[in-house]
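What follows is a single structure, written as structure tokens, with notes after it.
The numbers here are math on the coordinates, done by the rules we state, and not lab data. If you're wondering where the values come from, they're calculated on a predicted model, not measured in any experiment. Cβ: placed from backbone, ideal geometry, glycine included. Neighbour counts: every protein chain shown.
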Amino acid sequence: MTLHVPAINYLALLPFLLVTAAALKLLMLTALMRRRIATSLATWTAVVAGLAVLGTTLVQWYELDRYGSSVTAAGAIVYDPFGVLMTAGIAVSLILAVLNGHDWQRREGIVGAEYQMLVLLAAGGAILMAQANDLIIVFLGLEILSIALYCLIAFNRRRQASAESAMKYFLLGGFAAAIFIYGVALTYGATGTTNLTNIAYFLGSNHLLHPGLLLAGGGLMLVAFVFKVEAAPFHFWAPDVYEGEPTPLSGAHASIVWAGAFAALVRIMVVALGSQQSTWRPLFFGLIVASIATGALLTIQQSNAKRLLAYASVTQSGFVLLGIWAGTASGVAATTFYVVTYGPVVLATFAIVGLVSGPGDSDHALTRYQGLSRRNPWLAASLAVLLLSQLGVPFTTGFDAKFGVLAATLDAGNVWGAVVAMMGAAVAAFAYLRWTTTLYADVDETLAPLVVPWATRVVVGFGVLTTVVVGVDPGLITSISSHATLLFQ
Amino acid sequence: MNVPAAWYLVLAALLFGVGCFGFLTRRSAIIMFMCIELMLNAVNLTFVSFARTLSDVGGQVSVFFVMVVAAAEVTVGLGIVVAVFRRRTSTSVDELSELKG
């Protein structure tokens, strides 16, 4: 008797294997070494793993260009340009998040490799979500990502707020995961499969007489994703968790988690449930309006930098959902562009937020930014550019990203969606501009100059360069993201 | 005796509803946590019932994944609960007041 083993394309799985191997290496070293291993060793391991993933995605991109997309591992993993580009975006975010964490550990006097190991695992989960072609794989990726995050949020044991926000995120995250997997079970009952391609095939060739099961299943899965991407009405955890968790992690939250969750959401909505678009579009429209409106209105009331950025990312989620709402090739391309370019910007912003807050990582009042231009003019200018990019000022990636999703929305015939989005962006602009003017406010007292450590310098430099260079000439990334097509779209 | 599969599905839905209701109304972290476990087990029952009616092994395999993930979540979750409540006497989430929002 022989066993049939499905063929596995290891090149397609290499990014996930690389980050997991690096995480396991750090875990084993930590367990076996007698002394605590140096933070810089852990940082370099993670950075090298991230660079290796970037190299792999480059090879994959050219291979896909020549031979086309495919599925592997019995149809559970999909190997297509969309997944590869999302993986590259996650790898960049991984490197920047680890560098952020390096300086944070120095400031807090924490030695060890646990932070880097857990960020690597979280990135592995996000990569798995970006490549998943089966709802069970999406669930596994989501849980690898989430469980690593639960530990990371509680990482700072000296701050009670860190553990409390971990508990909040853990209880709500577990609740969302249970809702998601119940949605998967109902979808399985309605279509007879958990494979995204087969679901699409089943729904394309059968007419459901009783769509109730599928409606409930799809709705429950959507609820869980709305929670993960911090869109309204399930965004209420975001400001508390952002405030409580270590600052480098807030950046990872808005980049790595975001990318993984949006990639999986695109696959589920556009690939698997694409034929049901007329059903889920009104739901999405409600989510978009709610996210952009609540995000914008609450952003302008904040006096704490991390809470402000948390509400700002609620608004940004609304914009990305707009691209998925369109569901067209240009909508998916705009979503990809948005998610990939937002990562470096938000990580660089949080790098500065962490640095300004200083040791203790607890005081994030906006008043601390008064006169930052006197303490370090370069840092203040960088923060101004990053904030203007998130606002969506022309010649930054923020503008191109917002323009892309709005153009896709208008093409798909949703004028009101575009109008609401523009109004939301205009309201949120007030918060960003107020923060920017604070940087250049006059202060009477003499302030000590702020020295920027090398890792933060790299992150901020990379974020600012990305947003300005890509913003002035978005041609390359736009053409890459419009080639980042989904298999079976 | 033949039992319609729908009965199992209704039972699973009820269990899920009980878990959901408990999570939203109870204030002890440990009980909220148990409610999540109840919801996950309702999902397992749903998977198995559908796998039998569809004569498909995929649903039964999914149950193992859910069980493994639930076990991993318990490990981390209890660690966090212990870390938070080490200096407190009760496990009520209403006492967590460091982050108001």
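General observations
- B:Leu78 versus B:Phe64: modelled label distance in nm, points set 7 Å from Cα along the beta carbon direction: 2.4
- Packing here is the average count of other Cβ atoms within 10 Å per residue, and on that basis the peptides A:369-381, A:306-318, A:227-239, highest first, run A:306-318, A:227-239, A:369-381.
- Here the Karplus relation 6.51 cos²θ - 1.76 cosθ + 1.60, evaluated at θ = phi - 60°, turns the backbone of segment B:32-38 into coupling constants of 4, 5, 5, 5, 4, 4, 4 Hz, with x for every Gly and Pro.
- Remark: spin-label model distance A:Leu283-B:Ser28 equals 3.5 nm, labels positioned 7 Å along the Cα→Cβ axis.
- Evaluated over the protein assembly as shown, the count of Lys pairs having alpha-carbon atoms less than 19 Å apart is 5 (only pairs 8 or more residues apart or interchain).
- Over the residues of chain B, the helix contribution to mean residue ellipticity at 222 nm works out to -26500 deg cm²/dmol, using -39500 (n - 2.57) for each DSSP H run of at least 4.
- Net charge of Cβ neighbours under 11 Å - reference A:Leu152; Lys, Arg +1; Asp, Glu -1: -2
- Tensor-based shape of segment A:334-392 (alpha-carbon gyration tensor, a/c under 1.5 rounded, otherwise prolate or oblate): prolate
- Of the residues B:Val57, B:Val69, B:Gly79, the one whose Cα sits farthest towards the positive end of the charge dipole of segment B:27-89 is B:Gly79 (charges of +1 on Lys and Arg Cβ, -1 on Asp and Glu Cβ, taken about the Cα centre).
- Under 13 Å, Cβ to Cβ, from A:Ala113 - net charge with Lys/Arg +1 and Asp/Glu -1: +2
- Neighbours of A:Gln131, meaning other residues whose beta-carbon lies under 12 angstrom from its beta-carbon, give a summed charge of -1 when Lys and Arg score +1 and Asp and Glu score -1.
- Look at the stretch B:79-85: the mean tally of other chain Cβ atoms within 10 Å of its residues' Cβ atoms is 6.
- The trypsin sites (Lys or Arg not before Pro) found in segment B:1-95 that occupy coil by DSSP, while having at most 14 further C-beta atoms within 10 Å, are B:Arg27, B:Arg86, B:Arg87, B:Arg88.
- Here r is the Cβ-Cβ distance between A:Trp44 and A:Asp473 and R0 is 35 Å; the resulting FRET efficiency, rounded to 0.05, is 0.65.
- Relative contact order %, segment A:1-145, counting alpha carbon pairs below 8 Å whose residues are six or more apart: 33
- Amide H to amide H, with H built 1.01 Å from N, A:Ile77 comes under 5 Å of A:Thr72, A:Asn133, counting only residues 5 or more places away or on other chains.
- Net length gained if the chain between A:Arg66 and A:Lys25 were fully extended (0.36 nm per residue, minus Cα distance): 11.3 nm
- Only the Cβ atoms of Lys and Arg (+1) and of Asp and Glu (-1) were treated as charged; on that basis the dipole of the protein assembly as shown about its Cα centre amounts to roughly 920 debye.
- Estimated from helical segments only, the mean residue ellipticity of chain A at 222 nm is -24500 deg cm²/dmol, where each DSSP H run of four or more residues counts as -39500 (n - 2.57).
- Here the contact order of chain B, divided by its residue count and restricted to Cα pairs under 8 Å and six or more residues apart, works out to 27 percent.
- DSSP H segments from chain A that extend 27 Å or more along their own axis, Cα-based, with Kyte-Doolittle mean of 0.5 or above: A:10-32, A:39-67, A:81-108, A:160-191, A:277-299, A:305-326, A:329-357, A:415-439
- Relative packing of A:419-432, A:66-79, which averages over residues the other C-beta atoms within 10 Å, highest first: A:419-432, A:66-79
- For chain A, the relative contact order is 17 percent, taking Cα pairs closer than 8 Å that sit 6 or more residues apart in sequence and dividing their mean separation by the residue count.
- Peptide A:184-194 is shielded by partner chain Cβ atoms: per residue, an average of 6 of them sit within 10 Å of its Cβ.
- Label-reachable residues, segment A:285-308, where backbone N falls under 13 Å from a point 7 Å from A:Trp416's Cα toward its Cβ: A:285-290
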